[in-house]
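The values are calculated or read from the model by the stated rules, or taken from the named source; none is laboratory data. If you're wondering where the values come from, they're calculated on a predicted model, not measured in any experiment. Please note: Cβ atoms are built from the backbone with ideal geometry, for glycine as well, and neighbour counts cover all protein chains shown.
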Amino acid sequence: MSAKNFKMDSAIPGLLISWHGQNARGLPWRRDPCRVWLSEIMLQQARIETAIPYYERFLTALTTVHALAECGEERLLKLWEGFGYYSRARNLHKAAKIVAASVNAILFAQSAAP
């Protein structure tokens, strides 16, 4: 069947939303798009159970995009220590510098979500 001929049953979105409401895990980043960004970077090759403690430690130390952008690389890598894939931390840092220079927005909440 080609995509052109595909027609979604109108009930499916409602069923999926209902299922998600009943079965979704309570993940700390679900409420904020910038937290999702951080979690996506961390979860590229890590399990959720492994990433959450690093995620929370990171958010506790760096509460805004500006704090992340201004953070020295040594401190950044210390916060990331033990998680691995340090190039991700460096790339996140570069991206935060771009965002901080172009957007005056909060990246992280004041404290990490449990």
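Going by the structure shown, is Y55 more than 19 Å from W29 (Cβ to Cβ), aromatic (F, W, Y), at pLDDT 90 or above and surrounded by 12 or more Cβ atoms within 10 Å (Cβ to Cβ)? Working first, answer last.
Details: more than 19 Å from W29 (Cβ to Cβ): no; aromatic (F, W, Y): yes; at pLDDT 90 or above: yes; surrounded by 12 or more Cβ atoms within 10 Å (Cβ to Cβ): yes.
Taking the combined requirement at face value, the residue does not satisfy it.
Please enumerate the residues belonging to segment 1-39 that are closer than 23 Å to A96 by Cα and either hydrophobic (A, V, I, L, M, F, W, C) or at pLDDT 90 or above (or both).
Of segment 1-39, the ones closer than 23 Å to A96 by Cα are 27-39.
Result: L27, W29, C34, V36, W37, L38.
For the structure I just gave you, tell me whether E49 is acidic (D, E) and within 18 Å of A96 (Cα to Cα). Full working, then the answer.
Working: acidic (D, E): yes; within 18 Å of A96 (Cα to Cα): no.
Spelling it out, it is not the case that E49 is acidic (D, E) and within 18 Å of A96 (Cα to Cα).
State whether one or more residues within segment 76-86 are under 13 Å from the mean Cα position of the chain (by Cα), crowded, with 16+ Cβ neighbours inside 10 Å and at pLDDT below 95. Full working, then the answer.
Step one: filter segment 76-86 for residues under 13 Å from the mean Cα position of the chain (by Cα), giving none.
Taking every residue of segment 76-86 in turn, none turns out to be under 13 Å from the mean Cα position of the chain (by Cα), crowded, with 16+ Cβ neighbours inside 10 Å and at pLDDT below 95.
Show the residue pairs meeting these rules: Cβ distance below 6 Å; 6+ apart or different chains; first residue within segment 30-50 and at negative phi; second residue at pLDDT below 90 and buried (at least 18 other Cβ atoms within 10 Å of the Cβ).
Once the first residue is at negative phi and sits in segment 30-50, its partners that are at pLDDT below 90 and buried (at least 18 other Cβ atoms within 10 Å of the Cβ) give C34/L107; R35/W29; V36/W29; S39/W29.
Run I12 past the list (1) without any contact (Cβ under 8 Å) to a residue 12 or more places away in the chain; (2) closer than 24 Å to K94 by Cα and report the number of the one that doesn't hold.
I12 satisfies all of (1) without any contact (Cβ under 8 Å) to a residue 12 or more places away in the chain; (2) closer than 24 Å to K94 by Cα except (2).
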